[in-house]
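Encoded as structure tokens, the structure appears first; notes follow it.
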Amino acid sequence: MGWEAVAVALLAGVLAGVLAGRWGRGGEWAGLGGGQLDRRLAGISDSLDRRLVDLDRRLYLGLDGVQHAQARAADTAAEVRERVAVVAGVAEQVLEQARGLARLEDLLRPPQARGALGELLLEQLLAQGLPGSTYRTQHAFRSGARVDAVLLLGEAMVAVDSKFPLEAFARMSATVDGDPAHGLHRRAFVRDARRHVDDIADKYICPDEGTYDFALCYLPSEAVFYEFLREDPPGESCWRYAVERRVFPTSPTTLYAYLISIGVGLRGLQVEENARRVLDALAALRGELDGFSRDFELVGRHLGRARGRWEDAAHRLDRFDGRLAEAAGRATELDRAGTDVEALPEPEDGLTGTG
């Protein structure tokens, strides 16, 4: 309603000014009668009413749009506040994790703690990539040196070391490339890396104790592995020096790939061993079959001889049966003859034979 009052006042002022101007210009309406003046004023009033209605409608629509815009702005502000609260929570979590990482860094600052963590990570990789019977941790050599792990590959072993010095690498990472201090720390890193490679080659490559002529150097970070590969100056790198000493650097990713390949090879060796055992068993069965064949042939020969003797005995039995039948027939004839003798009359008394 405030806007309507302002609009009415403006229109009234405009009308008054128009009338005053016209009256001042010579009394334009001086010659009009009272009825014409009333009609003219009524027309002007109607026009003002229509314009006021149209202005009121426009003001209402504009006010409604402003209210909708305010409602949307309020909703947007509420959504922004919610998102800000979520972002604040996430930022707090990130800060808490950063503080946790800082505490972990403080805990891992001593070399012994870093070495224990490296051994733990190495054991986890070995457990994931190989069967438990194909590796052994904390293997001791005759010299008293103890390596973190050995891989049992056939008749020999491969030593795996995970204790890499990271002090120079940490100082180098804290400086930017191109800084004189960065180059100084880089040279210190190369010097420590080569010294560590020499220790692995001298302590853990012992073919006389059942190891292969190479060993693995486990690096706990891909960034350290990259520094091993990087040639600075060109043509020289820690990788080349390590390979010359038969020490192969590995990162967590490459070591896992090596372990998977070794596992496949071990399974191939197991299949080969099982195939050899099967072939040995088949050879033993072949020998037993040959022995059984010889025994079977011998039994067949014995059975053939026994059959020949049986047939001979059968013929003899048949002949004996015939002779026995003939003897039985003669005995029957003799028996009949004896019966006929008994039936003859006895000789008279006084008669004796003369012999």
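Rolling a 1.4 angstrom probe over the protein chains, ignoring ligands and nucleic acids, what is the accessible area of Phe320 in square angstrom, nearest 10?
Counting only protein heavy atoms, Phe320 exposes about 120 Å² to solvent.
Magnitude of the Cβ-charge dipole of the range 130-281, K/R +1 and D/E -1, about the Cα centre, nearest 20 debye?
So the magnitude is around 220 debye.
Could you report the accessible area of Tyr258 in Å², rounded to 10, computed with a 1.4 Å probe on the protein chains as they sit in the structure?
90 Å²
Quote the accessible area belonging to Asp202 in square angstrom, nearest 10, computed with a 1.4 Å probe and with ligands, DNA and RNA left uncounted.
Here the residue's solvent-accessible area equals roughly 100 Å².
Can you bin the range 155-198 into rounded, prolate or oblate? Criterion: square roots of the alpha carbon gyration tensor eigenvalues sorted a ≥ b ≥ c, rounded for a/c under 1.5, prolate for a/b above b/c, oblate for the rest.
Values: a/c = 4.19, a/b = 3.03, b/c = 1.38.
Note, shape of the range 155-198 comes out prolate.
If I stretch the segment between Val94 and Glu272 completely, what's the gain in nm (0.36 nm per residue apart, minus their alpha carbon distance), one decimal? List each step's numbers first, then the result.
Numbers: separation 178, 0.36 × 178 = 64.08 nm, distance 5.33 nm.
That works out to 58.7 nm of additional length.
Compare Phe292, Phe141 by solvent-accessible area with a 1.4 Å probe and give them largest first, with all protein chains kept in place. Intermediate results must be reported in sequence, preceding the final value.
Working: Phe292 125, Phe141 15 Å².
Largest accessible area first, the list is Phe292, Phe141.
Could you sort Thr254, Thr134, Thr332 by their accessible area in this structure, using a 1.4 Å probe and putting the largest first?
Thr332, Thr254, Thr134
Please work out the FRET efficiency for the pair Ala71 and Ile44, using the Cβ-Cβ distance as r and a Förster radius of 41 Å; give the result to the nearest 0.05.
On the way: r = 40 Å, r/R0 = 0.98.
So, using R0 = 41 Å, E works out to roughly 0.55.
The values are calculated or read from the model by the stated rules, or taken from the named source; none is laboratory data. The shown structure was predicted, so the numbers you read here are calculated from the model rather than taken from an experiment. Backbone-built Cβ (ideal geometry, glycine too); neighbour counts: all protein chains shown. In case anyone asks, the SASA skips ligands and DNA or RNA and just uses the protein heavy atoms, side chains included. Shrake-Rupley method; radii C 1.70, N 1.55, O 1.52, S 1.80 Å.
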